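Scroll down for the structure; my scribbles are underneath it.
What follows draws every value from the coordinates through simple rules; no lab data is involved. Everything numeric here is computed off the predicted structure, so don't read it as measured data. Neighbour counts are summed over all protein chains in view; Cβ atoms, including those assigned to glycine, are modelled from backbone coordinates with ideal geometry.
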Amino acid sequence: MSRSADSSATESVIRCRFLVVGSGIAGLWTALHLAPFGDVTVITKGQLRDTNTQYAQGGIAVALPAGDSPELHRLDTLRAGAGLCDEPAVSVLTGEGPDIVRELIARGAYFDRRDGELLFGREAAHGRSRILHAHGDATGAEVQRTASEVVRELPGVTLHEATGAAELLLHGGQCLGVEAVDFARGERVRFVADCTVLATGGAGEIWRYTTNPPVATADGPALAWRAGVCLRDMEFVQFHPTALCAPGYPKFLISEAVRGEGARLVDGKGRRFMLDYHPDAELAPRDVVARAIFTEMQQAGAPCMYLDFSPIGADRLRRRFPGIVGELEKRGFDPFHQPIPISPAAHYMMGGITADLHGLTGLPRLFACGECADYGVHGANRLASNSLLDGLVFGNRTAQAMAEMDPLPESLARAAEELPALPLRVLEAEAKATIQDLAWENIGIVRDRPGLTRAREELADLARRIRQEPTATLPELEAANMCQVAWLTATAALVREESRGAHFRSDFPQTREEWRRHILLRQVEGQLEITYQPVILERPA
Ligand code: SIN
């Protein structure tokens, strides 16, 4: 790795073999698997732990318990995906899951055990109890801790915190790294890399209510879109049914595992309503539960419904969910004696940057993995607790493929170093609130043509205010990314004239076989191109 100053652009240039953008489990797992093959540079716009991974409560779904199998896990994943999962991706996820989780444990991750044996919880739409959890409900924090500690100790890995990727660096039809901003020093930095992986996580901040931390601003898909890379299935956004709903408090996730242990959803009068919607009641697929809550709220004109923890029992509740109980008590709620107000909130982006089963995108030398990527594994609706597993399995595969990439020819690397400084796309930070309101009202749990059209038009108006500047603050970069990806989400949601998985159109409430296909969006010479791709139904040989 070399560091030099490009005086013409007052921009530092850092050369690296492998560049990883993002420090959640997908990014760090890719980094640690790349380390034996050459120097690895990880950049992350906040601190290492400012990730969605850190906040995952429920756990990691994996076919490790006796009597379970990758095949049963595969079938549950396909069922949740509502006909839009690509079979080979699901087979990879569930088939490679057990070994990769064993590796995670061997690298120091602790998961809850009884008498030395791993404990497995139950979550909605899983036919088996197969969810590993840590410290009750702090699984993501444990996974993030483990990966962060391992990566920090690897001599070949360099971490740049407070460093955000602003644009992909393109030359000769390839991705040669990223144009970034070091926010701590207030400087532009260019990372020139043999290959780059986007592992930037989710997009929850686009919606007014989300379970995600503020860093989830759709950065990876926005960068890829501007570089002409295909995005796929952007209309599929999962809304988690149960986020704490209390004025004055940011949304706080209340894990699905709470319902897995017996908690019930009730209305303001204490009536259990989920049995009216699905035979699996509280353990129905996530989209069914979220829509049922939304419907009940609308019918009652109420701001929330309630989660009754009492069937779990006080001892078990405190032992199994210490984090959730502690957070609720800190905010003045008593889950032992009162139902807790909840409502749905944006949680997970199923679509993303189109990538193959080794994370390779359509742009040479650019990879993507984790929540920002779409290799067809989650379909129209992600099965609970499959996301940490996705980051591990596909992080590992992406690293294998990146390790095999030839280094950049020296002439190309030099050309990348000498390119003029790219302008940065910025939008005033105040626009975030407008985007969040537009998305919540119109690209939310229940959608229709008038709302989607309105959102699309207003987001397009807002996008016209995106400026190109030599410098940017982080909120300005994020606002531009959110605006573009919100517009793409509204576009795909408008195109898909059916309801499937997490995408519900009140004007097209049925699932339609002719829509069993992926929607791909790409920017070609400044214009939106929409194409379709069949779902891959065959299992790999
Ligand atoms: C939860 O704990 O309910 C979230 C788990 C997930 O989204 O996979």
Sorted by Cβ neighbour density within 10 Å, fewest at the top, the residues Thr158, Thr44, Thr434, Thr196:
Thr158, Thr434, Thr44, Thr196
Electrostatic dipole magnitude of the chain [Cβ: Lys, Arg +1; Asp, Glu -1; Cα centre; debye, to 20]:
800
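Give me the percent of DSSP beta bridges within the chain that run antiparallel, rounded to the nearest 5.
70
Taking only C-alpha pairs under 8 Å that are 6+ residues apart, what is the relative contact order of the chain in percent?
The normalised contact order for the chain reaches 21 percent.
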Cα centroids of segment 379-418 and segment 223-258: how far apart, whole angstrom?
23
Ascending count of other beta-carbon atoms within 10 Å, so fewest first, for Trp225, Trp29, Trp487:
Trp225, Trp487, Trp29
Unit charges on C-beta of K, R, D, E only; dipole of segment 113-161, Debye:
260
Mind checking which aspartates and glutamates have their C-alpha under 20 Å from Lys432, skipping anything on the same chain fewer than 8 residues away?
Asp50, Glu167, Glu205, Asp219, Glu235, Glu441, Glu457, Glu458, Asp461, Glu469, Glu476, Glu478
Order of Val393, Val229, Val157, Val266 from fewest to most other C-beta atoms within 10 Å?
Val266, Val157, Val229, Val393
Length released on extending from Asp115 to Ala433, taking residue separation times 0.36 nm less the Cα-Cα span
109.5 nm
Could you list which residues have their amide H under 5 Å from that of Glu11, counting only those 5 or more apart in sequence or on another chain, with H placed in the peptide plane?
Asp6
Along the dipole axis of segment 32-171 (charges at Cβ: +1 for Lys and Arg, -1 for Asp and Glu; origin at the Cα centre), the most positive-end residue among Gly97, Ala125, Pro155 is Ala125
Two-site label geometry, Glu329 and Gln298: point separation in nm, points 7 Å out along Cα→Cβ
3.9
If I take every Cα pair under 8 Å that is 6 or more residues apart in segment 55-146, average their sequence separation and divide by the length, what percent do I get for the relative contact order?
42
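Expressed as a fraction of 2.2 N^0.38 Å, the rule-of-thumb size for a compact globular protein of N residues, what is the C-alpha radius of gyration of the chain?
Its radius of gyration relative to the 2.2 N^0.38 Å reference: 0.92.
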Spin-label pair Lys269/Ala403, simplified geometry with 7 Å Cα→Cβ offset, distance in nm
6.2
Sort by residue number and report every cysteine in the chain with no other cysteine beta carbon within a distance under 4.7 Å.
Cys16, Cys85, Cys175, Cys195, Cys230, Cys369, Cys372, Cys483
Given the -39500 (n - 2.57) contribution per DSSP H run of 4+ residues, what per-residue ellipticity at 222 nm results for the chain, rounded to the nearest 500 deg cm²/dmol?
-10500 deg cm²/dmol
For Lys330, list the lysines whose Cα falls under 18 Å from its own Cα; do not include residues on the same chain fewer than 8 positions away.
Lys251
Describe numerically, in nm with one decimal, the distance between label points set 7 Å from Cα along Cα→Cβ at Arg102 and at Glu87.
2.7
Counting Lys and Arg as +1 and Asp and Glu as -1 over every other residue whose Cβ sits under 15 Å from the Cβ of Ala502, the net charge comes to +2
